[in-house]
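Working notes for the structure below.
The values are calculated or read from the model by the stated rules, or taken from the named source; none is laboratory data. The model shown is predicted, which means the values in this text are computed figures rather than measured ones. Positions of Cβ are generated from backbone atoms using ideal geometry, with glycine treated the same way; all protein chains shown enter the neighbour counts.
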Amino acid sequence: MNRFWIILAVVIVGLGALFVISKPKDSANNSFKGDARQLQSDDHVRNGTGKKVTLIEYGDLQCPSCGAFYPILKQLETPYNDQVSFVFRHFPLISIHPNAFAAARAAEAAGNQGKFFEMHDKLYETQSVWGEVATNQQTLFEGYAQELGLDMTKFKTDYASTAVSDRINRDVSSAKQFNVSGTPTFILNGVKIDNPGSEADFAKVLDDAITKAGGTPPSASSQTQ
């Protein structure tokens with residue numbers, strides 16, 4: 001009987017450790033205290049800061065809908081390079097996407113070596129591989145890190161670190177200010193918007209925001225040339 005209770009205790013401790021690794025949580029180290037409408041010093045930003053329009057995506061790297069929006073956003077980056085900052089914040093829905101937090105870890109670990117979006121893009125482009133197949137996701141992520149030329153010792157250390165976990169959970173905590181419940185959720189100049197249905201719809205939303213901010217949308221610029 002004593003042996004049974006010892007084994008049970010070991011199992012419970014092991015499950016508890018897994019829960020801590022995979023579940024977003026609030027603590028003094030990862031709760032968000034600032035204004036989530038504003039760009040943060042450690043935000044992941046494409047096209048740089050100081051633009052007339054800021055588009056924040058709260059995304060889940062395993063989410064199929066986020067994966068569907070990924071190529072749309074990629075197509076919009078270049079024409080809106082001068083006017084829109086594209087920001088990605090983590091919101092892994094681990095209850096339905098069990099590999100999402102691990103993927104966020106991989107992106108953050110790559111980001112510590114200056115290649116967040118390179119890993120972000122790779123993860124979306126290979127989502128059907130690591131997101132659906134019951135395999136060793138960490139091995140796949142390490143393979144992607146090698147392809148990106150990362151220092152593998154640092155990548156593995158950062159991937160497993162509390163600092164990376166806290167960084168992801170700060171994004172999750174910041175999402176509470178917008179009542180985010182699903183992904184992708186887009187915040188345009190500090191206001192949550194309905195998800196556009198297509199690239200053309202998204203371009204129209206960005207054009208309207210640029211015009212409202214006193215700028216000239218790319219479509220209008222091309223018509224005057």
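Look at the range 27-62 and say how many of its residues are part of a loop (DSSP other than H, G, I, E, B) and of a type in the set (Phe, Trp, Tyr).
1
Which one of Gly59, Gly50 is buried (at least 16 other Cβ atoms within 10 Å of the Cβ) and either within 28 Å of Lys212 (Cβ to Cβ) or among the small types (Gly, Ala, Ser) (or both)?
Gly59
Return yes when Leu150 is among the hydrophobic types (A, V, I, L, M, F, W, C), in contact with a Phe, Trp or Tyr (Cβ under 7 Å, 6 or more places away or on another chain) and either assigned to a loop (DSSP other than H, G, I, E, B) or on the phi < 0 side of the Ramachandran plot (or both) and no when it is not.
Spelling it out, it is not the case that Leu150 is among the hydrophobic types (A, V, I, L, M, F, W, C), in contact with a Phe, Trp or Tyr (Cβ under 7 Å, 6 or more places away or on another chain) and either assigned to a loop (DSSP other than H, G, I, E, B) or on the phi < 0 side of the Ramachandran plot (or both).
From Ser65, Ser128, Ser85, grab the single residue that is hydroxyl-bearing (Ser, Thr, Tyr), at pLDDT below 95 and either surrounded by 21 or more Cβ atoms within 10 Å (Cβ to Cβ) or outside any loop (DSSP other than H, G, I, E, B) (or both).
Ser128
In the range 142-191, which residues are surrounded by 15 or more Cβ atoms within 10 Å (Cβ to Cβ) and basic (Lys, Arg)?
Result: Lys156, Arg167, Arg170.
The rows are residues; the columns are (1) of a type in the set (A, V, I, L, M); (2) within 20 Å of Pro98 (Cβ to Cβ).
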site: Met119; (1), (2): yes, yes
site: Ser128; (1), (2): no, yes
site: Gln137; (1), (2): no, yes
site: Phe141; (1), (2): no, yes
site: Phe155; (1), (2): no, no
site: Arg170; (1), (2): no, no
site: Ser173; (1), (2): no, no
site: Phe186; (1), (2): no, no
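Can you report the number of residues in the range 94-125 which are small (Gly, Ala, Ser) and either part of a loop (DSSP other than H, G, I, E, B) or surrounded by fewer than 19 Cβ atoms within 10 Å (Cβ to Cβ) (or both)?
Result for the range 94-125: 2.
Given (1) outside any loop (DSSP other than H, G, I, E, B); (2) β-branched (Val, Ile, Thr); (3) crowded, with 19+ Cβ neighbours inside 10 Å, identify the lone condition not met by Thr139.
(3)
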